Amino acid sequence: MKKEISVIVPVFNAEDTLDSLFSSLNENLKKITNNYEIIFVDDESKDLSWNVIKEISKHNNFVKGLKLARNCGVDIAINAGLEISKGDFNVIISCDLQDPAEEIQSLYKKITEEDFDVVCAFYKNKHPESIIEKFFSGLYWKIFSFFTSADYPKEEGLYRIISSRAKKFFLENQNKIKHIKVMHSSGFKKSYLEMLQNKRTIGKSGYNLRKKLIFAVDYLSTYSFKPLLYSALLGLFISLFSFILAALFFSLKIIGMINAPGWTSIVVIISFFFSILFLNLSIISIYLSKNIEESRKAATYFIVEKINE
């Protein structure tokens, strides 16, 4: 049965916040429509989150729960929730009460009245509890924007509402690693809604340094092959430098400016083989980057309108 709004909540170790989150979502969704559903996706929490979800769903038939067999990360959890959602519009919200549920009404109003496909939270105070988190988050998104040739503002939150066709586009993306934020350059009409992020008052983030580094590497290697191309350019530069160095020392030996026996031969041989090595690595990197681009199964565009079909 079709719903007006589906709310997808990726859950990890949130037993202390789920009841409050559910109450807040329920209260604010009723101000928009009575035809909605809430989908909790438990990403193999180590606490009693799943028990809380079961208890909530027992008394509310519009609440669905999914429990993943292993900890897959927030993006896979979101994907799993979107797969079963029935809403014309889908809200993605975190489980830690940092995303203000009362802004759902404003997100819904903006996406429906202004005909957008994606409306995201733009946090004027992102990471209010940590200056260090704020700094490194900004640095990461600047680097990510550079390598993907798109502008991802550091203030953009995971909290958002997307249309049914944006959801379809996201689900059809065949990348193994899918990030809900990376719909930037697909041509969808995207906008932001300014709001304030709540401070974390209960629990702590499930993103430790190790997870953050893993996700950073995964996202960059999935959505950009520029590092490979830059590596190729560096290899070409070192190859050329090594060749020039070998030629220089050979010339100095010929005109008698280097007299140490065997030294020139060693430098020339090492430089020559280094130039060959880095030249080959550069060629391999270029061909590998092209192969990655050709073998991608990610959707690259969407059709907004058709005529006579």
- Quick one: with all protein chains in place, what share of the accessible area of region 1-134 is carbon or sulfur, to the nearest percent (1.4 Å probe)? 49
- With Cβ to Cβ distances under 13 Å as the rule, what net charge do the other residues near I111 carry (K, R +1; D, E -1)? 0
- Note on the structure: Of all trypsin sites (Lys or Arg not before Pro) in region 19-95, the ones in DSSP coil with at most 13 other Cβ atoms within 10 Å are K30, K31, K46, R70
- Taking every other residue with Cβ under 9 Å from the Cβ of S45 and scoring Lys and Arg +1, Asp and Glu -1, one gets -3
- Query: Using 7 Å Cα-to-Cβ label points, what is the S145/E44 separation (nm, one decimal)?
  - Reply: 3.5
- Query: Separation between the R70 and T112 pseudo-spin-labels, each 7 Å from Cα along Cα→Cβ, expressed in nm?
  - Reply: 4.2
- Message: Quick query: amide H of E44 versus all other amide H atoms, modeled in the peptide plane; which residues come in under 5 Å with a sequence gap of 5 or more or a different chain?
- Response: L68
- Task: State which entries of K64/K110; K124/K226; K86/K167; K46/K199; K154/K199 exceed 19 angstrom in Cα-Cα distance in the structure shown.
- Result: K64/K110; K124/K226; K46/K199
- Label point at K31 placed 7 Å out along Cα→Cβ; residues across region 77-106 whose backbone nitrogen lies under 16 Å: 99-106
- Message: Can you tell me the length gained on complete extension of the stretch L233 to S130, counting 0.36 nm per residue apart and subtracting the Cα distance?
- Response: 33.3 nm
- Query: Between L252 and S164, what length comes free when the chain is fully extended (0.36 nm per residue of separation minus the Cα-Cα distance, one decimal in nm)?
  - Reply: 24.7 nm
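The values are calculated or read from the model by the stated rules, or taken from the named source; none is laboratory data. Bear in mind the structure is a predicted one, so any value in this text is a computation, not a measurement. Backbone-built Cβ (ideal geometry, glycine too); neighbour counts: all protein chains shown. Side chains included, ligands, DNA and RNA excluded: accessible areas come from the protein's heavy atoms. Shrake-Rupley method; radii C 1.70, N 1.55, O 1.52, S 1.80 Å.
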